[in-house]
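A short worksheet on the structure shown next.
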Amino acid sequence: MHTDSLTGRLLHDDHHRVMELLDRLDALFGRHGEDSLPVLTAEERDIVADLAAELDGPLDSHFAAEEALFPALAAAGGHEWTADLLDDHEHMRPIARRLGRFCALALREGFDWDSWPVFRSFGEELVRVLVLHIQKEETTLVPATDALLSAEEDRAFATAMSG
């Protein structure tokens, strides 16, 4: 995605980083079916740890930064899609919180037959909805930062996102 705005580039870079993590998580699910209990290798433990770290703040901070953009973008004609993106955020927040708790449990104790299916279910749901959400944002929100933010607004949003 090409964008000229600082805000758009920061959003795009963050989306790219999260997509790489989701790909790694999806690969973990691909290696271990519903009927196989993973014993975490060092690489798999890193995936769960990276996911836990993302769910422990950066994901919600990213959502909050985007939501700070929504009023300006909605006022410029993007009300429908900003409302849709906000609905996505509200749907994903409880999934992320629950999955974060299962990450912490897995890192402490590993997976068992009770925790693995739940972790996998929440994880697969997060991958599904977050990939779709990022695709929407890459085609709506990121380009809108070029078209709808003044240079001053762009600098202010980018500074807030970086700080």
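The values are calculated or read from the model by the stated rules, or taken from the named source; none is laboratory data. Predicted model, so just to flag it, every value in this text is computed and none were measured. All Cβ positions, glycine included, derive from the backbone under ideal geometry; neighbour counts span all protein chains shown. Ligands, DNA and RNA are stripped out before the accessible areas are found, and what is left, the full protein with its side chains, is counted by its heavy atoms. Shrake-Rupley method; radii C 1.70, N 1.55, O 1.52, S 1.80 Å.
Between the stretch 75-134 and the stretch 136-163, how far is it from one alpha carbon centroid to the other, in angstrom?
24
Hey, if you drop one equal point scatterer on each alpha-carbon of the stretch 89-133 and run the Debye formula without solvent, what base-10 log of I(q)/I(0) do you get at q = 0.13, 0.25, 0.29 Å⁻¹?
-0.28, -0.84, -1.01
Compute the FRET efficiency between Glu43 and Thr139 as 1/(1 + (r/R0)^6), taking r as their Cβ-Cβ distance and R0 = 41 Å, and round to the nearest 0.05. Walk me through the intermediate numbers first.
Numbers: r = 32 Å, r/R0 = 0.79.
Given R0 = 41 Å and the Cβ-Cβ separation, E is 0.80.
Rg and Dmax of the stretch 35-89, using alpha carbons, in Å: what are they?
Just the Cα atoms of the stretch 35-89 yield Rg and Dmax of 17.3, 51 Å.
Provide the three semi-axes, in whole Å and in decreasing order, of the ellipsoid equivalent to the stretch 60-106 as defined by the square roots of 5 times the Cα gyration tensor eigenvalues.
On the way: eigenvalues 159, 20, 4 Å².
Equivalent ellipsoid semi-axes, largest first: 28, 10, 4 Å.
Determine how large the accessible area of Thr139 is when every protein chain is in place; take a 1.4 Å probe and give Å² rounded to the nearest 10.
Number for this one is 100 Å².
Provide the per residue accessible area, probe 1.4 Å, for the stretch 20-163, rounded to a whole number of square angstrom.
Details: 7330 Å² over 144 residues.
Result: 51 Å² per residue.
On the protein heavy atoms, probe 1.4 angstrom, tell me the percent of accessible surface of the chain carried by carbon and sulfur.
Values: 4590 of 8370 Å².
Solvent-exposed carbon and sulfur of the chain make up 55 percent of the total.
What GluC sites (Glu not before Pro) does the stretch 74-163 have in DSSP loop regions with at most 10 other beta carbons within 10 Å? Provide the component values of the computation, followed by the final result.
On the way: sites: Glu80, Glu90, Glu109, Glu124, Glu125, Glu137, Glu138, Glu152, Glu153; in loops: none.
Counting only loop positions with at most 10 other Cβ atoms within 10 Å, none of the GluC sites (Glu not before Pro) in the stretch 74-163 qualifies.
Which of the trypsin sites (Lys or Arg not before Pro) found in the stretch 1-94 are loop residues per DSSP with 15 or fewer other Cβ atoms within 10 Å of their Cβ?
On the way: sites: Arg9, Arg17, Arg24, Arg31, Arg45; in loops: none.
Sparse-neighbourhood loop trypsin sites (Lys or Arg not before Pro): none present.
Sum -39500 (n - 2.57) across every DSSP H segment of at least 4 residues in the chain, then divide by the residue count to get the 222 nm mean residue ellipticity, nearest 500.
Details: 7 runs with 132 residues, N = 163.
After summing the helix terms and dividing by residue count, I get -27500 deg cm²/dmol.
Which whole-number value in Å³ per residue fits the convex hull of the alpha carbons of the stretch 1-53? Before the final figure, lay out each step's value.
On the way: hull volume 4.6 nm³, N = 53.
Once divided by residue count, the hull of the stretch 1-53 is 86 Å³.
So if I take the alpha carbon set of the stretch 45-127, get Rg, then get Rh from the Kirkwood formula, what is the Rg over Rh ratio? Please list the in-between numbers first.
Numbers: Rg = 15.5 Å, Rh = 14.0 Å.
Across the stretch 45-127, the Cα-based Rg/Rh ratio is 1.11.
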